[in-house]
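A short reminder: the numbers here are calculations on the coordinates, not readings from a lab. None of the values given here were measured: they were computed from a predicted structure. Backbone-built Cβ (ideal geometry, glycine too); neighbour counts: all protein chains shown.
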Amino acid sequence: MNWQQVRPSGNFAQVPQNDVLSLSYPDNWQVSTPQNGGGMTIAPAAGVAEGNIAYGVVINGGNPSAKSLDQATEALIQGLQQGNPDLKANGTPQKITVNGVEGRSVDLTGNSPIQQNGKPARERDWLVTLPRSEGGLLYIIFVAPESSFNQLRPTYEKMLKSVRLK
């Protein structure tokens, strides 16, 4: 996979109408929702390897029983680590404001589904959590191999700035 296959276009489209959020994304990436209706993935066609996202964005919700956004964010990180034991949080979640909504932001590192020299490449994930009005949280994970993350960060930041919770 090379950069040309996953590079976001400069043109943005809106995610299809849904009752959770509105968001802009590069128009050469694809939006997919699983059959069970849980969440959404936005990724270039070449950014998904064997059902795993190597480049792109995962959006989902969770933990309506948590008492605070901090608790819900910590529980989410622990859940992600159970599914991927190599995943590590780089520090503690920090406050971030997304269109007037206070959320949490933390960088994670782990193994990418992409192989380099027979080993998994290092992956960097930027996790942003936002409180939902009915409880729980909405989370957004911006995913890329460590070597490409800084090239994608401006696109990811533009996508995050476009998020509007409903």
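Kirkwood Rh over Cα pairs of the stretch 1-81 into Stokes-Einstein at 10 °C, 1.306 mPa s: D in µm²/s? Display every interim value, and only then the final one.
Details: Rh = 14.4 Å.
My calculation gives 110 µm²/s for D.
Which percent of Cα-Cα pairs in the stretch 85-144 sits in each 10 Å bin, short to long?
Using 10 Å bins, I get a P(r) of 22, 42, 24, 10, 2 for the stretch 85-144.
Asp19 to Ile96: FRET efficiency via 1/(1 + (r/R0)^6), r the Cβ-Cβ distance, R0 22 Å, to the nearest 0.05? Can you show the working numbers first?
Values: r = 23 Å, r/R0 = 1.07.
Step by step, r from the Cβ atoms, then E = 0.40.
With r as the distance between the Cβ atoms of Lys88 and Gln116 and R0 = 22 Å, compute the FRET efficiency 1/(1 + (r/R0)^6) and round to 0.05.
Values: r = 19 Å, r/R0 = 0.86.
It comes to 0.70.
Given a cut-off of 30 Å, name the pairs among Lys119/Lys166; Lys95/Lys119; Lys88/Lys158; Lys95/Lys166 whose C-alpha atoms lie farther apart than that in the structure shown.
Beyond 30 Å: Lys119/Lys166; Lys95/Lys119.
Using a simple spin-label model with points 7 Å from Cα along the Cα→Cβ vector, what separation in nm is obtained for Asn2 and Arg153?
It works out to 2.6 nm between the two label points.
Which residue fluctuates the most in the chain, going by a Gaussian network model with Cα springs under 10 Å, if the choices are Asn52, Asn60, Asn117?
The residue that fluctuates most here is Asn117.
Restricting everything to alpha-carbon atoms, can you work out Rg to Rh for the chain with a Kirkwood hydrodynamic radius?
Numbers: Rg = 15.2 Å, Rh = 16.2 Å.
Ratio of gyration radius to Kirkwood radius for the chain: 0.94.
Which value in deg cm²/dmol, rounded to the nearest 500, describes the helix-derived mean residue ellipticity at 222 nm for the chain, given -39,500 (n - 2.57) per DSSP H run of n ≥ 4 and division by the residue count?
Numbers: 3 runs with 35 residues, N = 166.
Rounded to the nearest 500, it is -6500 deg cm²/dmol.
Using Cα pairs under 8 angstrom and six or more residues apart, how large is the relative contact order of the chain, in percent?
On the way: 324 pairs, mean separation 37.9, N = 166.
Computed over the chain, the figure is 23 percent.
List, largest first, the extents of the alpha carbons of the stretch 124-166 along their principal axes, each in whole Å.
Computed over the Cα atoms, the extents are 38, 17, 7 Å.
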